[in-house]
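The values are calculated or read from the model by the stated rules, or taken from the named source; none is laboratory data. These numbers come from a predicted model, not from an experiment. Neighbour counts run over all protein chains shown; Cβ positions are idealised from the backbone, glycine included.
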Amino acid sequence: MPDDLKTAGPNAAGAVDTSIKPSFFRLRTQLLDDGRSNTPIAETENMWARLKVYASGGENTLHAHPNEDHMFIILAGEATFYGPQGEEKPLGRNEGIMLPAGSFYHFHATSAEPLVLLRVGCGANDRGDHLKRIAIDGGPLPGKSKANKWKAPVYRAGAYYE
């Protein structure tokens, strides 16, 4: 088996556990005319990957994930990412941002075409619920909330990122 497909070493008794298998996936998601979408791609107990699509002009609000390290890679479109002290960084295709647990950010889709992001996250230091999202005041900020500028997706017929 190639090294990149090895998934486990010997257990305490010296035997190799061959029941753990890799999973395979394809990066494909429907594009949007409005709103945003979140498509699960792959997940393990410790890591998860999602394809996120934001229609042109789409955005979220300043927030942090206190129990999750995560990153975004822009696959299509452009976005500007912002930090809590006025930091601002425009990013385009094949560029990304790494966000340690607890770092505050928000972004805005700036291209005319939909923004397609690969989001990969993992739990940080066994701190608790990795889905937790907080606002700058420390209070909860649900992802699908008006406070987080959520809008339901309006899918573009027959148009896909792949």
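Things worth noting here:
- Selection from segment 62-93 of residues that are in a loop (DSSP other than H, G, I, E, B), at pLDDT 95 or above and of a type in the set (S, T, N, Q): 85
- All positions within segment 1-26 that are at pLDDT 90 or above, closer than 29 Å to residue 125 by Cα and either touching a strand residue (DSSP E or B) at 6+ places or on another chain (Cβ under 9 Å) or basic (Lys, Arg) (or both): 21, 23, 24, 25
- Test: residue in segment 125-134 that is outside any loop (DSSP other than H, G, I, E, B) and not basic (Lys, Arg): yes
- Residue in segment 60-75 that is among the small types (Gly, Ala, Ser) and either surrounded by fewer than 18 Cβ atoms within 10 Å (Cβ to Cβ) or under 16 Å from residue 161 (Cβ atoms) (or both) present: no
- Count of residues meeting criterion [within 12 Å of residue 113 (Cβ to Cβ) and surrounded by fewer than 20 Cβ atoms within 10 Å (Cβ to Cβ)] in segment 76-88: 2
- Within segment 94-103, the set of residues being crowded, with 18+ Cβ neighbours inside 10 Å and outside any strand (DSSP E or B) comprises 101 only.
- Residues that are touching a His at 6+ places or on another chain (Cβ under 8 Å) and polar (S, T, N, Q), drawn from segment 39-98: 60, 61, 67, 80
- Only residues that are closer than 19 Å to residue 71 by Cα and surrounded by 17 or more Cβ atoms within 10 Å (Cβ to Cβ) were counted across segment 142-162, and they come to 1.
- Residue list for segment 20-53, filter: exposed (fewer than 13 other Cβ atoms within 10 Å of the Cβ), in a loop (DSSP other than H, G, I, E, B) and not acidic (Asp, Glu): 20, 21, 22, 23, 24, 25, 26, 28, 44, 46
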